[in-house]
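A.B. asks: Take this structure, written in structure tokens, and hold onto it; I'll ask about it next.
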Amino acid sequence: ALKPHREKYARITFGLGPSAAERLKRSTLENLAAASAAEDLPVYIHINESRAMALHGLLHLQEHGGSQVRYLQDCGLLGPRTSLAHSIWLTDEEIALIGQTGTNVALNPVGNLKTRSGVARFRAMIEAGINIGLGCDNCSCGDAQNMFQAMKMFCGLAAISDPMPGPPHAADALRAACFGAARPAGLEGQVGHLR
């Protein structure tokens, strides 16, 4: 269905942006997974941005181990085309599952500080082999669309959850801000590289 548009507007790309798993019926999530696979579309969805979102999973997703990440997997949405926005309140098991399935995360460290959402476990994600993209969230959450602020926070805030020396380093921040964000959009090799 998108082929004529893709041929006519080669520089315009399409993606699916459902809000969050707890706001959607399972059938809707499954239909999104099917559309993503059929049209090779990226999916961007919020996951565990706040403690309340993580608690929702524990209370309402018992059949999925109380995990919104496992729920998305059961709906067919985990994988290289999907980016999980925020991903702050994740368990070790969820981080491992995201890494094993090749699912991406889109981290917004500046906005997450302003909204008091928390700090994602950057180092654990890097060690799990998760592709990380950095973002600035919207202006009301981050005050400025400044990727350099996001990169600085990405490197510095890791000390909160893991104060020992180690990643993320400057190279990790550059990777996440550039091609780490291009990969889930299906644009790796076209945008996001410094040459």
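A.B. asks: Give me the percent of the accessible area of the chain that comes from carbon and sulfur atoms, probe 1.4 Å, all protein chains in place.
C.D. replies: Numbers: 5800 of 10230 Å².
The computed percentage sits at 57.
A.B. asks: Roll a 1.4 Å probe over the protein chains and send me the accessible area per residue for the chain in Å². Please list the in-between numbers first.
C.D. replies: Values: 10230 Å² over 195 residues.
Here the residues of the chain average 52 Å² of exposed surface.
A.B. asks: For a quick protection proxy, order the peptides 66-79, 12-25, 35-48 by their average other-Cβ count within 10 Å, most packed first. Walk me through the intermediate numbers first.
C.D. replies: Values: 66-79: 21.6, 12-25: 14.7, 35-48: 18.9.
Listed from highest to lowest mean packing, they are 66-79, 35-48, 12-25.
A.B. asks: Place +1 on the Cβ of every Lys and Arg and -1 on the Cβ of every Asp and Glu in the chain, take the dipole about the Cα centre, and give the residue among Leu58, Ile47, Val69 whose Cα lies farthest towards its positive end.
C.D. replies: Result: Ile47.
A.B. asks: Below 22 Å, Cα to Cα, which lysines can Lys152 reach? Residues fewer than 8 away in the same chain don't count.
C.D. replies: Straight-distance partners of Lys152: Lys114.
A.B. asks: Another question, if that's okay. In 5 Å bins starting at zero, report the fraction of Cα pairs in the range 12-70 per bin as a rounded %.
C.D. replies: With 5 Å bins starting at 0, P(r) equals 4, 18, 26, 23, 15, 9, 3, 1, 0.
A.B. asks: Please report, to one decimal in angstroms, the Kirkwood hydrodynamic radius of the range 88-152 built from all distinct Cα-Cα pairs. Show your work: numbers first, answer last.
C.D. replies: Values: mean 1/r = 0.0818 Å⁻¹.
Radius from the Kirkwood sum: 12.2 Å.
A.B. asks: Below 8 Å, C-alpha to C-alpha, sequence gap of six or more: please give me the relative contact order for the chain in percent.
C.D. replies: On the way: 333 pairs, mean separation 31.7, N = 195.
Rounded, it is 16 percent for the chain.
A.B. asks: I would also like to ask the following. Provide, in order from the shortest bin, the percent of all Cα-Cα pairs of the range 48-96 in each 5 Å bin, continuing until the bin that contains the maximum pair distance.
C.D. replies: So the P(r) values, bin by bin, are 5, 22, 31, 30, 10, 1.
A.B. asks: Something else: Have a look at the chain and give its Rg and Dmax from the Cα atoms, expressed in angstrom.
C.D. replies: 16.4, 52
A.B. asks: Given just the C-alpha atoms of the range 1-105, how large is their convex hull per residue in cubic angstrom?
C.D. replies: On the way: hull volume 9.8 nm³, N = 105.
Considering the Cα atoms of the range 1-105, their hull volume per residue is 93 Å³.
A.B. asks: Continuing with this model, one more query. Among Gly102, Thr91, Phe14, which residue has its Cα furthest toward the positive end of the charge dipole of the chain, with +1 on Lys/Arg Cβ and -1 on Asp/Glu Cβ?
C.D. replies: Phe14
The values are calculated or read from the model by the stated rules, or taken from the named source; none is laboratory data. The shown structure was predicted, so the numbers you read here are calculated from the model rather than taken from an experiment. Note that each Cβ is placed from the backbone with ideal geometry, even for glycine, and that neighbours are counted across all protein chains shown. Protein only, heavy atoms only, side chains kept; ligands, DNA and RNA dropped before computing areas. Shrake-Rupley method; radii C 1.70, N 1.55, O 1.52, S 1.80 Å.
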